[in-house]
1. In the stretch 12-143, what percent of the accessible surface is made up of carbon and sulfur (1.4 Å probe, ligands and nucleic acids excluded)?
2. Bin by bin, in steps of 5 Å, what percent of the Cα pairs in the stretch 150-211 do you find, going until the bin that has the longest distance?
3. Given the peptides 365-373, 203-211, arrange them by the average over their residues of other C-beta atoms within 10 Å, most packed first.
4. Taking the mean number of other Cβ atoms within 10 Å as a proxy for protection, how do you rank 308-321, 79-92 from highest to lowest?
5. Where Lys and Arg each count +1 and Asp and Glu each count -1, what net charge lies around GLY163 among other residues with Cβ under 14 Å from its Cβ?
6. Counting each DSSP H run of 4 or more residues in the chain as -39500 (n - 2.57), what helix-only mean residue ellipticity at 222 nm follows after dividing by all residues, to the nearest 500 deg cm²/dmol?
7. How large is ³J(HN,Hα), in whole Hz, for each residue of the stretch 150-163 in order, when computed from phi with the Karplus curve 6.51 cos²θ - 1.76 cosθ + 1.60 and θ = phi - 60°, using x for Gly and Pro?
8. If you scale each eigenvalue of the Cα gyration tensor by 5 and take the root, what three semi-axes come out for the stretch 75-124, rounded to whole angstrom and sorted largest first?
Amino acid sequence: MIDATPMPGHPIAWAMVGGGQDSQIGPVHRSAAQRDHGLQLVAGAFDIDPVRGRQFGERLGLDAQRCYADYRAMFEAEARRPDGIRAVSIATPNNTHFEICRAALLAGLHVVCEKPLCFTTAEALQLLELSRASRRIVGVAYGYAGHQLMEQAREMVAQGELGEIRIVQMQFSHGFHSEAVEAASAAARWRMDPAHAGPSYVLGDLGTHPLYLSQLVLPGLEIERLMCSRQSFIGSRAPLEDNALALMQYRGGAMGYLWACAVNSGSMHGQRLRVIGSKASLEWWDEHPNQLRHEIQGRPAQVLDRGMDYLHPAARQEDRIGAGHAEGLFEAWANLYRRFALAMHATDRGDSLALGKIRYPDIQAGVEGVRWVENCVRSADAGGVWIDYR
Ligand code: NAD
């Protein structure tokens, strides 16, 4: 159980790039990173507008001298301070991730980067090489990867409770962009602009989340072939899609399908993972994150609740308030940031044994997300055909 006792060797001095005033995800990073005092925000280049970014940093209580106009100035100045930052989170639009992540690694910083990590697999592999060479970690913000019931699902699959895995159903499909809201929302607008969003909208923005959850729960599955179709139901969004369906054939014969959608009218979030085996199925839905449905063929369905003693130990160790009270996105993110902070500290002291025991979406996960989007776009743009996964 996580009981708010201090983490030895922490907090780590930490900064943010992006995540400024009114940003969507900035507050979630700050709250999750500092919840267990694993990281402490001491500096930032929070905004594309330097004046607004500085004012915002000061409102967060930071020393005015450590509220920087841009990330380059921050990395340079912080490197000269004895108490300078050791880690940075990147919560800016997608087109900037590669260059900021690269600069951070070259500055010797640990990184937490928003998804998608970058635009191409070639770029992602460059970041992987750099993180290895600099011996710095890169974590990727797949928030629900920190939810305890993901550990439960992973254990149940590993112990064969589902039998042979046959079908994986993944979904992240909300309705918030059923109309052309981008006309009035800058945060929606950049997501539909290839210059800022990259080669995809919903595939990268939404699809990579359940894709990573599937990789976490089913580490043995490897995509062999893929077929994707994508559409822009709001025509002005073309060439980027607001709906996509991807069909995946895994090595060994299992099948997967992923629906990413921003025009699912009436749906709030709709992030789901359903794993179907020869004996039983598991299903998790982010709108009821405290429950994992376990359906055994021929028996009444069971609902496993977060925090209960019958769960696997790995699914109980990051419990914060016991069973019954609801935990959700903020706790999952806090668990993830706790693991990021532990991984940074283990790396800094050269403790590879401890590092090997910490599970978090790492640079390889970031690479795989980018690779998947690239393959989906390749298939969709060739007319929705089967392609060999590469
Ligand atoms: P947003 O448009 O709401 O906010 C972006 C912020 O970055 C703004 O404060 C902006 O001023 C700042 N910014 C832009 N360029 C900058 C630069 N060069 N230097 C410093 N600051 C800069 O966007 P958002 O919705 O918060 O998304 C940001 C990133 O987070 C995106 O990559 C998005 O895909 C990702 N995201 C992830 C999740 C998740 O669940 N992991 C959820 C939402 C968004």
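The values are calculated or read from the model by the stated rules, or taken from the named source; none is laboratory data. Everything quoted here is computed from the prediction, not taken from an experiment. All Cβ positions, even for glycine, are placed from backbone atoms using ideal geometry, and neighbour counts span all protein chains on display. These accessible areas exclude ligands, DNA and RNA; they are computed on the full protein's heavy atoms, side chains included. Shrake-Rupley method; radii C 1.70, N 1.55, O 1.52, S 1.80 Å.
1. Values: 2700 of 5430 Å².
C and S atoms contribute 50 percent here.
2. 4, 14, 17, 18, 12, 9, 9, 9, 7, 2
3. On the way: 365-373: 24.3, 203-211: 27.1.
So the peptides 365-373, 203-211, ranked by packing, come out 203-211, 365-373.
4. Those peptides, ordered most packed to least, come out 79-92, 308-321.
5. On the way: positive: ARG166, LYS279, ARG299; negative: GLU161, GLU164, GLU295.
My count for the surroundings of GLY163 gives 0.
6. Details: 12 runs with 127 residues, N = 390.
Dividing the helical sum by the residues of the chain leaves -9500 deg cm²/dmol.
7. 5, 5, 4, 4, 4, 5, 5, 5, 4, 8, x, 5, 9, x
8. Details: eigenvalues 100, 20, 13 Å².
Working through the eigenvalues yields semi-axes of 22, 10, 8 Å.
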